[in-house]
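Presented below is the structure to which this report refers.
The values are calculated or read from the model by the stated rules, or taken from the named source; none is laboratory data. Since the structure is predicted, the reported quantities are computational estimates derived from the model, not experimental observations. FYI the Cβ positions are ideal-geometry reconstructions off the backbone, even for glycines, and counts take in every protein chain you see.
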Amino acid sequence: MLNSFEINPYIRFASESRIPAMDGVIIPSRVIYDYELIYIEEGQLLLQYAGVDYLCKKGCFLLLRPGISHSFLRVWGELSQPHIHFDITYIPGCENIPVCFQDMDELTAEEQRNIRQDVFAEYPQQPFVTFANGNRALELFYEIVTRSSSDSDLIKKALLIQLLDMLIADNFPAALQKNNLMTLPVEVQAKNYIDAGLGMSYSLDNFASQFNYSKYHLERRFKARYGIPLLTYRNKQRMALAENMLKSESVSAVAEKLGFSTVFVFSRAYKSRFGYPPSKVRK
């Protein structure tokens, strides 16, 4: 069962995509390592998924899941199919795993280990998903697909979290454990909150207010479980985010988004952590 705090998505690829009208196999049989959410914007296609043929028409959403063999058998008209490849939970190093275009028997044993666990495995292996609030789902979907690669990863992650919340509630409700906030220890809640990219500018008072807990007890419990003070852990994760964001954003933009009071304060903190200034990364 999926714990709500474990939802910490990584967007591997998000793009608009068009395939010209033609007969024959468009995409040969393959499996994917991650999840792929597709919207059929124009045209229609015949999809073979887990050995069953499905006619996919304009206006439908498809969710292709890890390790399930599928192929596009035929396309009618020009097919517009914007899509998002993503992991539901971030695993260190997953950014180095590419999109897969091979079938299971073509993968090496090492490559097969890249296939993520399907958290919806208890549900039937069929590709269609629906949303109770279709307009909001489309709004979030296009916000992710049309954003520039230089846009903040945190913003795109936040949008996908909202979309996943709707996706799970409307299609896989039993896959999500309920009332996790009431059962997880407060120090685990705080760590998961930080790991999700939130609270990067929070003080200890802010964390105490967020989780309705004494800051002194929260700090003591966090250090007892994880071996470091809460704000030290927050700073470590904030610098890791900064290192990634600097690949596509300016020093001033990163400093602002991560809650530093000035670029100078950010630069000093970054140099203290990595031994060189953030400007060196941008160059």
- Here the residues within segment 208-222 that are in contact (Cβ under 8 Å) with a residue 24 or more places away in the chain and of a type in the set (Ser, Thr, Tyr) are TYR213
- Task: Might you check whether a residue that is over 20 Å from LEU167 (Cβ atoms), in contact (Cβ under 8 Å) with a residue 60 or more places away in the chain and in a loop (DSSP other than H, G, I, E, B) occurs anywhere in segment 27-37?
- Result: yes
- Item | Residue within segment 240-252 that is touching a residue at least 24 places away in the same chain (Cβ under 8 Å), part of a loop (DSSP other than H, G, I, E, B) and of a type in the set (Lys, Arg) present | yes
- Item | Tally of residues being surrounded by 20 or more Cβ atoms within 10 Å (Cβ to Cβ) and either aromatic (Phe, Trp, Tyr) or over 25 Å from LEU46 (Cα atoms) (or both) across segment 73-94 | 2
- Task: Restricting attention to segment 53-71, report how many residues are among the aliphatic types (A, V, I, L, M), in contact (Cβ under 8 Å) with a residue 60 or more places away in the chain and closer than 17 Å to MET104 by Cα.
- Result: 1
- Query: Has segment 6-16 got at least one residue that is within 25 Å of the chain's Cα centre (by Cα) and hydroxyl-bearing (Ser, Thr, Tyr)?
  - Reply: yes
- Message: Yes or no: segment 48-64 includes at least one residue that is outside any strand (DSSP E or B), modelled with pLDDT under 90 and over 22 Å from ASP165 (Cα atoms).
- Response: no
- Query: So which residues in segment 130-152 are in contact with a helix residue (DSSP H, G or I) (Cβ under 8 Å, 6 or more places away or on another chain), in contact (Cβ under 8 Å) with a residue 60 or more places away in the chain and farther than 19 Å from LYS58 by Cβ, if there are any at all?
  - Reply: ILE144, ARG147, SER152
